[in-house]
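Student: Before anything else, here's the structure in question.
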Amino acid sequence: MLKVPDHQVAGHQASNGQLGPLIDDSGRFYKPLQDDDRGSKEVAFYSSFSSNTRVPGHIRRLFPVFYGTQLLEASDGSGLRPHLVLEDVVSSSSHPSVMDIKIGSRTWYPEASEDYIQRCFKKDRETSSLSLGFRISGLQIYGNEESGFWKPERKLVQNLSAADVRVVLKKFVSSNLPVDPNSDPDCSFAASVYGGSSGILAQLLELKAWFEDQTMYHLNSCSVLLVYEKEKVLKGERSEAEVKLIDFAHVTEGKGIIDHNFLGGLCSLIKFISEILTSPDDCTTKACLRDSEKDKEILTSPDECTTKVCLQD
Ligand SMILES: O=P(O)(O)O[C@@H]1[C@@H](OP(=O)(O)O)[C@H](OP(=O)(O)O)[C@H](O)[C@H](OP(=O)(O)O)[C@H]1OP(=O)(O)O
Ligand SMILES: Nc1ncnc2c1ncn2[C@@H]1O[C@H](COP(=O)(O)OP(=O)(O)O)[C@@H](O)[C@H]1O
């Protein structure tokens, strides 16, 4: 039985009769092909990537498994439409904390239409992409049974300053409630989620090493999805924090040149995460992220280590 995923944090969503992805109980994620060439480009990428013998196994596992395409009733009621059939990378979690980070200081690319380039250019400039080399596209962090998820409004997290991004990345791995504006993120899960030989940092470093060498694909406008299950960490079970690359509607051929846009953004993200692991207490942060743009309040003191961010009531 197909349903709308409640764990989706960014992108086109299938709520309110819109066209968006669906999931089922078998652990598959069905992403509808968009009408223009974006859908066919994403299919072309997955087809090429999944049969590319030059992609090493430890890199392949950082991408969702691709099961081809399938005609399904679209979520917007428009009838049968081809969907990409992908592994649902959060299906094994009951309360997944998920962050979608769009990598690259630019999301446009020379081969795109002038209209697309202009739209991307505007978004990149208005978000943290240009300054940080990435932007948080959306996230949800599980608090506990009572508080549920903290899922701040997407537009609010896309243009955060470096200090605010650091707060959000800390909240992602903290045991205190993410919605609580008065508690400093304690980073108590940082070592088990970001750190360790198979944690998020190690996976990002593997990806970086590959991007320093591979010249086959340029992953324009693509995201890394960070996923883990807080309850497993609390119970002392292996967290199995995962990095997965998603959204390949704008991939172009590398033509023998490294993807310096993706690589640069990835290095920037790696630096943020490394610093949280090496010096989690070097900043005193208070964070509250309000839900609406109107209520947004970001107060950053001139003292670079004392930050107050408002993203939630
Ligand atoms: O429609 P919007 O404004 O939400 O923009 C979508 C983006 O949302 P965001 O800019 O992050 O709010 C959206 O970004 P996310 O994947 O949500 O990070 C995509 O860039 C999408 O374009 P495409 O399907 O990749 O070609 C974008 O869709 P298009 O505008 O290109 O159709
Ligand atoms: N394979 C997947 N498994 C689980 N969730 C996914 C998967 N692919 C995408 N998502 C979810 O859907 C969101 C949007 O995906 P994306 O491919 O970027 O769509 P769009 O092209 O509409 O931007 C992601 O932020 C994530 O929450």
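Student: Restricting to the range 218-266, what's the tally of residues that are touching a helix residue (DSSP H, G or I) at 6+ places or on another chain (Cβ under 8 Å), of a type in the set (S, T, N, Q) and within 16 Å of Tyr46 (Cβ to Cβ)?
Tutor: Residues that pass the stated criteria total 2.
Student: Determine, yes or no, whether Ser93 is farther than 24 Å from Leu19 by Cβ, in contact (Cβ under 8 Å) with a residue 12 or more places away in the chain and within 14 Å of ligand 2 (Cβ to nearest atom).
Tutor: On the way: farther than 24 Å from Leu19 by Cβ: yes; in contact (Cβ under 8 Å) with a residue 12 or more places away in the chain: yes; within 14 Å of ligand 2 (Cβ to nearest atom): yes.
Criteria met by Ser93.
Student: Which one of Ser15, Ser75 is among the hydroxyl-bearing types (Ser, Thr, Tyr) and modelled with pLDDT under 95? So that I can check it myself, show each step before the final result.
Tutor: Numbers: Ser75 fails: modelled with pLDDT under 95.
So the residue among Ser15, Ser75 that is among the hydroxyl-bearing types (Ser, Thr, Tyr) and modelled with pLDDT under 95 is Ser15.
Student: Looking at Ser75, Ser50, Ser105, can you tell me which residue is over 19 Å from Val227 (Cβ atoms), in contact with a Leu (Cβ under 7 Å, 6 or more places away or on another chain) and within 15 Å of ligand 2 (Cβ to nearest atom)?
Tutor: Values: Ser50 fails: in contact with a Leu (Cβ under 7 Å, 6 or more places away or on another chain); Ser105 fails: within 15 Å of ligand 2 (Cβ to nearest atom).
Unique residue meeting the criteria: Ser75.
Student: Can you tell me which residue in the range 130-142 is nearest to ligand 1 (Cβ to nearest atom), limited to those that are free of Cβ contacts under 8 Å to residues at least 40 places away in the same chain and part of a helix (DSSP H, G or I)?
Tutor: As a first pass, look at the range 130-142 and keep what is free of Cβ contacts under 8 Å to residues at least 40 places away in the same chain: 130-131, 135-136.
Add one more test, that the residue is part of a helix (DSSP H, G or I), and what stays is 130-131.
On the way: Leu130: 14, Ser131: 16 Å.
That would be Leu130.
Student: Of the numbered conditions (1) hydroxyl-bearing (Ser, Thr, Tyr); (2) surrounded by fewer than 16 Cβ atoms within 10 Å (Cβ to Cβ); (3) in a strand (DSSP E or B), Tyr228 satisfies every one except a single condition; which is it?
Tutor: In the conditions (1) hydroxyl-bearing (Ser, Thr, Tyr); (2) surrounded by fewer than 16 Cβ atoms within 10 Å (Cβ to Cβ); (3) in a strand (DSSP E or B), Tyr228 misses (2) alone.
Student: If I go through the range 233-243 residue by residue, how many of them are without any contact (Cβ under 8 Å) to a residue 24 or more places away in the chain and not in a loop (DSSP other than H, G, I, E, B)?
Tutor: Result for the range 233-243: 0.
Student: Counting just the residues of the range 121-131 that are within 15 Å of Asp164 (Cβ to Cβ) and within 16 Å of ligand 2 (Cβ to nearest atom), which one comes out surrounded by the fewest Cβ atoms within 10 Å (Cβ to Cβ)?
Tutor: Checking each candidate, the answer is Thr127.
Student: If you go through the range 202-226, how many residues are among the β-branched types (Val, Ile, Thr) and within 12 Å of ligand 2 (Cβ to nearest atom)? Spell out the reasoning first.
Tutor: Here is the first cut: in the range 202-226, the ones among the β-branched types (Val, Ile, Thr) are 215, 224.
Right, trim to within 12 Å of ligand 2 (Cβ to nearest atom) and you get 224.
Total satisfying the criteria: 1.
Student: Now a separate question. Name the pairs whose Cβ atoms lie under 8 Å apart, with the first residue in the range 244-265 and more than 15 Å from Asp100 (Cα to Cα) and among the hydrophobic types (A, V, I, L, M, F, W, C), the second away from ligand 2 (no atom under 15 Å from the Cβ) and in a loop (DSSP other than H, G, I, E, B), and 6 or more positions between them or separate chains?
Tutor: Ile257/Thr215; Ile258/Glu212; Ile258/Asp213; Ile258/Gln214; Ile258/Thr215; Leu263/Glu212
Student: Would it be correct to say that Ser274 is farther than 16 Å from Phe49 by Cβ, in contact with a Leu (Cβ under 6 Å, 6 or more places away or on another chain), among the polar types (S, T, N, Q) and assigned to a helix (DSSP H, G or I)? It would help to see each step written out before you state the result.
Tutor: Details: farther than 16 Å from Phe49 by Cβ: yes; in contact with a Leu (Cβ under 6 Å, 6 or more places away or on another chain): no; among the polar types (S, T, N, Q): yes; assigned to a helix (DSSP H, G or I): yes.
Against the criterion (farther than 16 Å from Phe49 by Cβ, in contact with a Leu (Cβ under 6 Å, 6 or more places away or on another chain), among the polar types (S, T, N, Q) and assigned to a helix (DSSP H, G or I)), Ser274 does not qualify.
Student: Further question: Just for the range 242-258: of the residues that are among the hydrophobic types (A, V, I, L, M, F, W, C) and near ligand 2 (Cβ under 9 Å from one of its atoms), which one is surrounded by the most Cβ atoms within 10 Å (Cβ to Cβ)? Steps first, please.
Tutor: To start, the set of residues in the range 242-258 that are among the hydrophobic types (A, V, I, L, M, F, W, C) comprises 243, 245-246, 248-249, 251, 257-258.
Cutting the leftovers down to near ligand 2 (Cβ under 9 Å from one of its atoms) gives us 246, 248-249.
Details: Ile246: 19, Phe248: 24, Ala249: 20.
Result: Phe248.
Student: From (1) aliphatic (A, V, I, L, M); (2) within 9 Å of ligand 2 (Cβ to nearest atom); (3) assigned by TED's automatic domain parsing to the domain that holds Ile136, pick out the condition that doesn't hold for Ala10.
Tutor: Single failed check for Ala10: (3).
Student: Residues of the range 132-153 being farther than 21 Å from Leu201 by Cα and either β-branched (Val, Ile, Thr) or surrounded by fewer than 16 Cβ atoms within 10 Å (Cβ to Cβ) (or both), which ones? Walk me through how you get there before you give the answer.
Tutor: Pass one, the range 132-153, residues farther than 21 Å from Leu201 by Cα: 143-153.
Residues satisfying the conditions are Asn144, Glu145, Glu146, Ser147, Gly148.
Student: Okay, next question. If Ser223 meets every condition in (1) closer than 19 Å to Leu269 by Cβ; (2) of a type outside the set (Lys, Arg); (3) surrounded by fewer than 22 Cβ atoms within 10 Å (Cβ to Cβ); (4) in contact with a Gly (Cβ under 9 Å, 6 or more places away or on another chain) apart from one, which number is that one?
Tutor: Exception for Ser223: condition (3).
Student: Could you tell me whether any residue of the range 78-88 is modelled with pLDDT of 95 or more and under 15 Å from the mean Cα position of the chain (by Cα)?
Tutor: Yes, some residue in the range 78-88 is modelled with pLDDT of 95 or more and under 15 Å from the mean Cα position of the chain (by Cα).
The values are calculated or read from the model by the stated rules, or taken from the named source; none is laboratory data. Keep in mind it's a predicted model, so treat the numbers as computed, not measured. Here Cβ is always computed from backbone atoms with ideal geometry, including for glycine, and neighbour counts include all displayed protein chains.
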